[in-house]
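Contents: one structure, followed by commentary.
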Amino acid sequence: MNISIITQYSFIVVAIGTMLLAMATGIVGTISILKGQSLIGDAVGHASLPGIILAFMISGRKSSLILMLGAIVAGIVAFLLIQIIAEGSKIEADTAMAVILSAMFGMGMVLKSYIQGNPKYQGASQSGLASYIFGQAAYILREDVYIILAVSVISLALFIVFYKEIKVYVFDMVYAYTIGINSRLTSLLIMIITMILIAAGLKAVGAILISSMLITPAVTGLQWSNSYEKVLVIAAVTGAVSAFLGTFISSAVKGFSTGPSIILIMSVIALFSVLFAPRGIVRMLLNIRKMRVGK
């Protein structure tokens, strides 16, 4: 395995982009886990595909910024539809997420097939649009890194500025209400942060895997500590390490895709944590055994 890869410009660009994204999504993903909304990232990620295709159809360009804005608009539409269905009917939120996820992803695939066979769009290059489905971090450009950097910094800045409100909202909504925290505005803030991170990360890991980047580092962090601050640090470090190793492996081993490699590393770390961390299965079984022996 050629270690000198880490000094190459292309590797450095991709590594910086994926590490920043993984750190930010790892931190924000803890909110989704603790609020029991693990599917929201999956729903918004899949629902963003028609927004990307429509942005391309309208602009005729593959500008990362334009496509990201299309993804954000589609994500907002999906979120509003989920809220309307969940609050205005007897359908549960998880069911609404699954319905919107599949419907909008299907719409995106239909639109993608439509423009491929339509002579009207033959003049505009469509290469690279498929990367928003499965991800293709190896083709991240400097523009993409700047976008990821800006989005990550904005997301983390908002998270830090409103940290106290978010923490109270996540752990005790009743107390949040009594001290005057607007739960709707806080929920909206969290959703905006989540959406822009998902939109920025689609090119790196794709609509199918982006939710794993939100959830998996958070799962790891929650297995190692009861302190929310420590969980945030562990989630961020897990995301960064996984992104670096995944990017390195995919660069060093021919045929390995970057996005799936990153998610695979994250999943291995999460599985190890679920089994052997202080809050993991093995420790729990040992505690139960000690209790029984003590009796």
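A few notes on this one:
- Output for region 107-129, where each listed residue is open to solvent by 30 Å² or more (accessible area, probe 1.4 Å), modelled with pLDDT of 65 or more and not in a helix (DSSP H, G or I): G117
- Residue pairs meeting the criteria (Cβ under 8 Å; at least 6 apart or on separate chains; first free of Cβ contacts under 8 Å to residues at least 24 places away in the same chain and polar (S, T, N, Q), in region 47-67; second open to solvent by 10 Å² or more (accessible area, probe 1.4 Å) and assigned to a helix (DSSP H, G or I)): S59/I66
- Against the list (1) free of Cβ contacts under 8 Å to residues at least 40 places away in the same chain; (2) part of a helix (DSSP H, G or I); (3) closer than 30 Å to Y163 by Cα, the condition I33 fails is (1).
- Boolean, I215 is in a helix (DSSP H, G or I), open to solvent by 10 Å² or more (accessible area, probe 1.4 Å) and touching a Phe, Trp or Tyr at 6+ places or on another chain (Cβ under 9 Å): no
- Region 9-39, residues that are hydrophobic (A, V, I, L, M, F, W, C), open to solvent by 10 Å² or more (accessible area, probe 1.4 Å) and in contact with a Leu (Cβ under 9 Å, 6 or more places away or on another chain): V13, I16, L20, M23, I27, I33, L34, L39
- Once region 188-206 is narrowed to residues that are of a type outside the set (A, V, I, L, M, F, W, C) and modelled with pLDDT under 85, the residue that is surrounded by the most Cβ atoms within 10 Å (Cβ to Cβ) is G201.
- Counting the residues of region 254-275 that are part of a loop (DSSP other than H, G, I, E, B) and more than 19 Å from T25 (Cβ to Cβ) gives 3.
- Positions within region 221-236 being in a helix (DSSP H, G or I) and without any contact (Cβ under 8 Å) to a residue 40 or more places away in the chain, in sequence order: E229, K230, V233, I234
- Selection status of L209, open to solvent by 10 Å² or more (accessible area, probe 1.4 Å), touching a Pro at 6+ places or on another chain (Cβ under 7 Å) and within 23 Å of A74 (Cβ to Cβ): yes
The values are calculated or read from the model by the stated rules, or taken from the named source; none is laboratory data. Since the structure is predicted, the reported quantities are computational estimates derived from the model, not experimental observations. Ideal geometry is used to build each Cβ from the backbone, glycine not excepted, and the neighbour counts take in all protein chains shown. Note: areas computed on protein heavy atoms with side chains; ligands, DNA, RNA excluded. Shrake-Rupley method; radii C 1.70, N 1.55, O 1.52, S 1.80 Å.
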